[in-house]
Amino acid sequence: MTGDDTLKEIEEAIVRGNKERSAQLVEESLSRVDPLSIIQGGMMPAMEKIGDRFSCGEIYLPELLMAAEAWDGAMKLLKPKMLEAGESIGNIGTVVIGTVQTDVHEIGKNIVATLLSTAGFEVHDLGVDISASKFIGKAEEVDADIIAASAIMTTTMTYQRDILEHLMASGLRDKYIVLVGGGVVNQKWADEIGADGYGETAVEGVRVAKELLSRRGGG
Amino acid sequence: MVSFPEILERATRGPIMSSKDFDIKVFIPKVREVVEKYKIRYDPGTPCPADDDLADRIYQAALDLYADVGTYVIDTERVIQFSREEIEDAVYEAPKEAYFGEGPDRCVFKGRKADDSEIPHCHVGSGTDTTEDVALKMVEAYGRISKAKTVSIPSVTSFGPLKSSAGSPVETLAGISMMRTGREGLRRAGRPGMGIINHMSSCAQGVSTIAASNPQFGARQSDGWLIAPHAELKIDHSSLNQVAYLTSWGANLGQEAGPIMGGYAGGPEGTAVVTTAYCFHGILVARAIYHLTYPVHMNYVCSTTPDMLYVVSTSSQAVSRNVGVPYYALGYAAAGSATKQYFYEAAAYLLAIQSSGIGIEDVHPNKAVVTNGALPIDSEFTCSFGHGMVGITRKEADQIIKRLMETYLSGIKNPPRGRILTECYDILTMRPDDELRRTYDEAIRELRGLGIRFK
């Protein structure tokens, strides 16, 4: 089997969300293909395909999560090899994401986190019910580029504004791109609180994250 | 039926599991399994199927699902589990009627059947974000619609100059204020006894809901409180506290569940099953005697696309045929208020749910995310439709829906914004302006041309 065939098979296994098969193929191919080529030639095209299919409604969250699991399994095998060889995986940016204080809704946030991760971002998912200071503390700790805050209710979206006000108060506003999203959030609200970006859907959120990061000079 | 104290016991003694494991290892595989086992298929060419066998298979799939999955408790990280027999007992024992309101305004909300000739329960209003200055007028306008049996009052997220936040004292004050506003608005409409059945739309947290529910502020046992789960099939202590308080008082409890199509439930088939399974969760865990469902599309965040109409139609049929509890659905239109597209989307959604045997509520414009985006004319439309379309069958509804979709589906991605209340109503008289009246009359005329009757 040629290297190209192997990469194609890895791509297909990830698209199908077959974690065992993709891991087996990656393991077998490591003697013939270097890790970076596996990622760029097999795994990333798979996630691009998955992202496209998800955004046009051909597949749904379960299929996306299964593909992401297959991706994670393959990466676990590749990372040590890359470290041994002194290679860097290189991510396009670092995102701290969570659902705001008093809000425990997580599906939308989880989808965005998964899509960001598979789009090449390093994602730190803080979970739900996260205070402004926790968002900022984590962003400082991991030297994030983006803070992404989800809120699903009219009474919790005000905590998105808190994040921006805390950033202002601590003199960190310009350091981070702040993205907001969630059921009741709209562009008007994002503008009103001074957020940098808003995505009506998860796919749109990822597109905005990439665009804002590239405008800033990252990514 | 398993008692509420027993539910709480299971919430603290059930199997321990992380939320992620519940989603990924338990919920998703089981949904996929039952969809396959019961051969549930979605046909985009039939948004409102007239297929009793499909409805019954969805019901059986939902039973299998809930018996295996149960309800996840976020705070204890445990699962409340039920046997299939316990679920079936609960369905058998669940009240098939709910009574709301007092005096001459008292009404009964009954379960219906698909294709039947009963007038559906017409519920009006909206918990959409509304500014304090127009909230009273909105409630009064809703109350004046004589065909409306029960009402939702707006969500107000401010208290004077203070902006409300979940769990903050301002939320408690906003909730109390809105409770008083709701009662006063209905009194001004001449319907002081009308049941408000969406408490507490202004409160996200249990503590503020309970505070604002104190009878001294106007709440009555004969109103209704909606207990919301978290997607999918999860509940938290905040909601269970509301259930504990309200069951102790003997108030009417309802469930509001909004499964996400494209989320953990997967496609339309899985979402139809999960939407049905919420009914079991509602009866057992939320102690609901009435049920509001509002499945929503993950990408379009509305519910008038063909797959969403299939979800709400088939799950409603599954519930109306097999459970028979008071059940109604809330749709989200992509189009903004005061547009023709809104009325077309609303008509399609109402056709799907009325023919499928459940109660109706105003379809919310603009995906319910625009402040002051709901209009009283939406409620007039709902009630006029509900009474005019008595006896509509699923087969007839499906045909009209398909013709309606030809007019609005291309506008779902980039819908018209429309106009909000303060842009198209005289707030003093609460009358629509000439432009809105023309739009409405034109929409009605065109909808009549498609076979829709209004009364």
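The values are calculated or read from the model by the stated rules, or taken from the named source; none is laboratory data. Since the model is a prediction, treat every value here as computed from it, not as a measurement. Cβ coordinates were reconstructed from backbone atoms using ideal geometry, including for glycine residues, and neighbour counts include every protein chain displayed.
At a glance:
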| read-out | value |
| --- | --- |
| Subset of the range B:150-173 that is within 12 Å of chain A (Cβ to nearest Cβ) and under 26 Å from B:Asp105 (Cα atoms) - its residue that is surrounded by the most Cβ atoms within 10 Å (Cβ to Cβ) | B:Pro154 |
| Which listed residue is over 30 Å from B:Pro44 (Cβ atoms) and in contact with a Pro (Cβ under 8 Å, 6 or more places away or on another chain), from A:Lys19, A:Lys8, A:Lys76, A:Lys81 | A:Lys81 |
| Conditions (1) over 15 Å from the mean Cα position of the chain (by Cα); (2) over 26 Å from B:Tyr92 (Cβ atoms); (3) modelled with pLDDT of 95 or more; number of the one not met by B:Asn299 | (3) |
| Failed item in (1) part of a helix (DSSP H, G or I); (2) within 28 Å of B:Gly359 (Cα to Cα), with B:Ile452 passing the rest | (1) |
| Where a residue in the range B:122-141 is more than 17 Å from B:Leu330 (Cβ to Cβ) and its partner, wherever it lies, is part of a strand (DSSP E or B) and of a type in the set (S, T, N, Q), with Cβ under 7 Å and at least six apart | B:Glu132/B:Ser158 |
| Qualifying residue in the range B:68-80 (condition: out of contact with any Pro (no Cβ under 6 Å at 6 or more places or on another chain) and aromatic (Phe, Trp, Tyr)) | yes |
| Matching residues, the range B:108-139, being within 14 Å of chain A (Cβ to nearest Cβ) and either farther than 23 Å from B:Thr429 by Cβ or within 20 Å of the chain's Cα centre (by Cα) (or both) | B:Ser126, B:Gly127, B:Thr128, B:Asp129, B:Thr130 |
| Residue in the range B:97-107 that is crowded, with 24+ Cβ neighbours inside 10 Å, over 27 Å from B:Leu233 (Cα atoms) and of a type in the set (Lys, Arg) present | no |
| Any chance B:Ser201 is part of a loop (DSSP other than H, G, I, E, B), in contact with a strand residue (DSSP E or B) (Cβ under 7 Å, 6 or more places away or on another chain) and within 12 Å of chain A (Cβ to nearest Cβ) | yes |
| Filter result (of a type in the set (Phe, Trp, Tyr) and surrounded by 24 or more Cβ atoms within 10 Å (Cβ to Cβ)) within the range B:284-309 | B:Tyr290 |
| Residue check for B:Tyr328: in a strand (DSSP E or B) and at pLDDT 95 or above | yes |
| Tally, over the range B:204-244, of residues that are on the phi < 0 side of the Ramachandran plot and without any contact (Cβ under 8 Å) to a residue 40 or more places away in the chain | 17 |
| Single unsatisfied condition, B:Gly266 versus (1) without any contact (Cβ under 8 Å) to a residue 40 or more places away in the chain; (2) within 14 Å of chain A (Cβ to nearest Cβ); (3) small (Gly, Ala, Ser) | (1) |
| Within the range B:204-214, considering residues that are polar (S, T, N, Q) and more than 10 Å from chain A (Cβ to nearest Cβ), the one nearest to the chain's Cα centre (by Cα) | B:Thr209 |
| Output for the range A:59-99, where each listed residue is aliphatic (A, V, I, L, M), more than 9 Å from chain B (Cβ to nearest Cβ) and either part of a helix (DSSP H, G or I) or over 16 Å from the mean Cα position of the chain (by Cα) (or both) | A:Leu64, A:Ala67, A:Ala68, A:Ala70, A:Ala74, A:Met75, A:Leu77, A:Leu78, A:Met82, A:Leu83, A:Ala85 |
| Single residue of B:Leu350, B:Leu330 found to be within 14 Å of another protein chain (Cβ to nearest Cβ) and more than 25 Å from A:Val203 (Cα to Cα) | B:Leu330 |
| Selection within the range B:347-375 - in contact with a Pro (Cβ under 6 Å, 6 or more places away or on another chain) and more than 10 Å from B:Gly331 (Cα to Cα) | B:Gln354, B:Gly359, B:Gly373 |
| Pick from the range A:199-219, criterion within 14 Å of another protein chain (Cβ to nearest Cβ) and surrounded by 22 or more Cβ atoms within 10 Å (Cβ to Cβ), ranking: nearest to A:Arg53 (Cα to Cα) | A:Ala202 |
| Residue in the range B:215-243 that is farthest from the other protein chains (Cβ to nearest Cβ), counting only those that are closer than 25 Å to B:Glu361 by Cα and in a helix (DSSP H, G or I) | B:Val243 |
| Residue list for the range B:181-190, restricted to those being under 23 Å from the mean Cα position of the chain (by Cα) and among the charged types (D, E, K, R) | B:Arg183 |
| Residues satisfying the stated conditions in the range A:73-115, i.e. in contact with a Lys or Arg (Cβ under 8 Å, 6 or more places away or on another chain) and surrounded by fewer than 16 Cβ atoms within 10 Å (Cβ to Cβ) | A:Ile89 |
| Subset tally (residues that are of a type outside the set (Lys, Arg), on the phi < 0 side of the Ramachandran plot and not in a helix (DSSP H, G or I)) for the range A:9-54 | 5 |
| Whichever residue in the range A:165-177 is assigned to a helix (DSSP H, G or I) and not basic (Lys, Arg) and, among such residues, is surrounded by the most Cβ atoms within 10 Å (Cβ to Cβ) | A:Leu167 |
| Residue within the range B:334-356 that is outside any helix (DSSP H, G or I), in contact with a His (Cβ under 8 Å, 6 or more places away or on another chain) and aliphatic (A, V, I, L, M) present | no |
| Unmet requirement for B:Gly282, which otherwise passes all of (1) in a loop (DSSP other than H, G, I, E, B); (2) within 18 Å of the chain's Cα centre (by Cα) | (1) |
| Test: A:Gln187 is surrounded by 20 or more Cβ atoms within 10 Å (Cβ to Cβ), within 13 Å of chain B (Cβ to nearest Cβ) and not aromatic (Phe, Trp, Tyr) | no |
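Residues checked against (1) part of a helix (DSSP H, G or I); (2) in contact (Cβ under 8 Å) with a residue 24 or more places away in the chain; (3) among the acidic types (Asp, Glu); (4) within 13 Å of chain B (Cβ to nearest Cβ):
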site	(1), (2), (3), (4)
A:Ile111	yes, yes, no, yes
A:Ser117	yes, yes, no, no
A:Glu140	yes, yes, yes, no
A:Ala144	no, yes, no, no
A:Ala148	no, yes, no, no
A:Met153	no, yes, no, yes
A:Thr156	no, yes, no, yes
A:Ile163	yes, yes, no, yes
